[in-house]
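Read-outs: derived from the displayed coordinates by stated rules, not from any lab. Note that the structure is a prediction, hence the values are computed from the model and not measured. Here the Cβ positions follow ideal geometry from the backbone for every residue, glycine too, while neighbour counts run over all protein chains shown.
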Amino acid sequence: MKDTKYYLKKLNNNILNTPKSTAFPLIWRNRYGRKNLLSFKKNQSFYLMDDLFLRIANIFFFVFHSALIIFNLFGWLFPHTRKLNLISLLLTFGSWVLLGIWKGWGYCFLTDWHYGILKRMGKSDLPSSYIAFLVESTTGWLPNAGLTNTLTLSLAVLALMCSLWVNFISQK
C-alpha cells in the first residue's frame, strides 16, 4: 500500500495542472511562487485565505456600496427610512467635503477601501469615481469623468433636498 505522501504528491500535481479558477479553494503559493497543497514549511505565505478574504471583501463592498448609493437616492421616499436617509446623506456629503479637504474633493472612504482591495487583487487603471467604476463593471462602458461627477453631484443634491423636504418642511 502506498503511503500518504505519495497520494498528497499526486493530488498536488493534479491540482497544479488544472486552471486556477477550478482549483482555487485548494491551492496557495509558497514564498518561491510554486503552487502547493497541504505543504506546511516554515516561512510559507498562504495566499489561500488572503485570496478568499479579498474576494469576499470585494463582493461585500460592491453590494454594500451599491445598496448605499441606491438608499441615498431613494431612501427619502419611505416614511420609516427618512431619518436614516438624511443621516446617510449628511455622512456622505461630510465625507465628500470634510474628508475632501485632506484627500481631495469628493473623497469617499468606502471607495478608497474597495479600490485598495481591488488593487491587491491585481486590478489597475480604476476610474476616479466609484459611479464610473459601477457603470464600467456592469456595462463595459467607461463614462466621461466630468459627466459622471456632474450627474453624481446633481442627483445627490437633489436627494438631499428631497430628504430635507420630507423630514422637516412637509411635516408642518
Tyr107 long-range amide H proximity, modeled H, under 5 Å:
Gly100
Mind listing the phi-derived Karplus ³J(HN,Hα) values for segment 122-130, rounded to whole Hz, using 6.51, -1.76 and 1.60 with θ = phi - 60°, and x for any glycine or proline?
x, 6, 9, 6, 7, x, 6, 9, 5
Go ahead and run the numbers for FRET between Ser128 and Asp50, Cβ-Cβ distance against an R0 of 30 Å, rounding to 0.05.
0.70
Against the 2.2 N^0.38 Å scaling, with N counting residues, where does segment 47-169 land? I'd like the Cα-based Rg ratio to two decimal places.
1.14
